[in-house]
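Below you'll find the structure, written out as structure tokens, and then a few comments.
The values are calculated or read from the model by the stated rules, or taken from the named source; none is laboratory data. This is a predicted model, so every value here is computed, not measured. So basically every Cβ, Gly included, is an ideal-geometry build from the backbone, and we count neighbours across all protein chains shown.
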Amino acid sequence: MNPNMDNTPMMMNTTLNQLRSLRLETMAQALEQQLTQSGITAMSFEERLALLVDREVHGRQDRRCARLLKNARLKYPQAAIEDLDSRSSRGLERSTVMSLALGEWVTSGHAVLITGPTGAGKSWLACALAQHSCRRGHSALYQRVPRLGEELRIRHANGTFTRWLDTLKTTDVLLLDDWGMSAMDAQTRADLLEIIDDRASHRATIITSQLPIEHWHEWIGDQTIADAMLDRLMQNHHRLTITGDSMRRQSAVQKAKATS
């Protein structure tokens, strides 16, 4: 009898504890599972080790993705680009959207401008693009433009504005929803220009709007600020225009038919 056999359980417990002390919890769980699998002994040490490392890597990726999605605070966190409705009546080409989603627009700091009528699915598509970015390891943050002025005033008042600007500057994808829906005051215009200027050509920005792009200059209000803001957004941008009837209205009609 091998005298070292009696020490195996103790050694394994020590190894599991050390893995957890190193914050390798997923690897520790995978090792515990291996110990219960009778066929695992047929595998080489290198193969077993590769499986353990693979589990730890994927576990970390899953946890990072979950953390990024939580911090993004998306309006539609479950929106997935794979579920895109690309019927011809909506004016979207699936190939175009998928090419964008799988491309380098985030790392290249491009803007994605999504326009269309109310209820057409602009916010859902924007959230799907941001969610996909989180799944690829990028940080994101959702902001509704109509509420942005209030958020900025609060941060100016409590002294957190500069720190928040730094956060926005380093966020990989900033989603500005409902652009052009309500009027902006002078302070909000100036702050929004600063936010966009910090990100221009460095960080990606998604904008959704019912307002056609050619009317954005008028909505911004101040010619100098509008010129500067749009110049930065238009340097490298992708346009997606959604057409057709309101998706919310169609959903309501379908539910009514189903219950009648």
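When the residues of region 24-68 are filtered to those that are touching a helix residue (DSSP H, G or I) at 6+ places or on another chain (Cβ under 8 Å) and among the acidic types (Asp, Glu), the one that is farthest from ASN13 (Cα to Cα) is GLU56. Checking LEU51, LEU102 one by one, the residue that is surrounded by 12 or more Cβ atoms within 10 Å (Cβ to Cβ), over 25 Å from GLN210 (Cβ atoms) and either assigned by TED's automatic domain parsing to the domain that holds HIS215 or at pLDDT 80 or above (or both) is LEU51 and no other. Picking from residues in region 1-29 that are in a helix (DSSP H, G or I) and modelled with pLDDT under 80, the one that is nearest to ARG135 (Cα to Cα) is THR26. The residues listed here are SER133, SER123; of these, the one that is surrounded by fewer than 23 Cβ atoms within 10 Å (Cβ to Cβ), hydroxyl-bearing (Ser, Thr, Tyr) and modelled with pLDDT of 90 or more is SER123. As a summary of the residue check, THR41 satisfies the conditions (1) over 30 Å from ALA200 (Cα atoms); (2) surrounded by 12 or more Cβ atoms within 10 Å (Cβ to Cβ) except for the one numbered (2).
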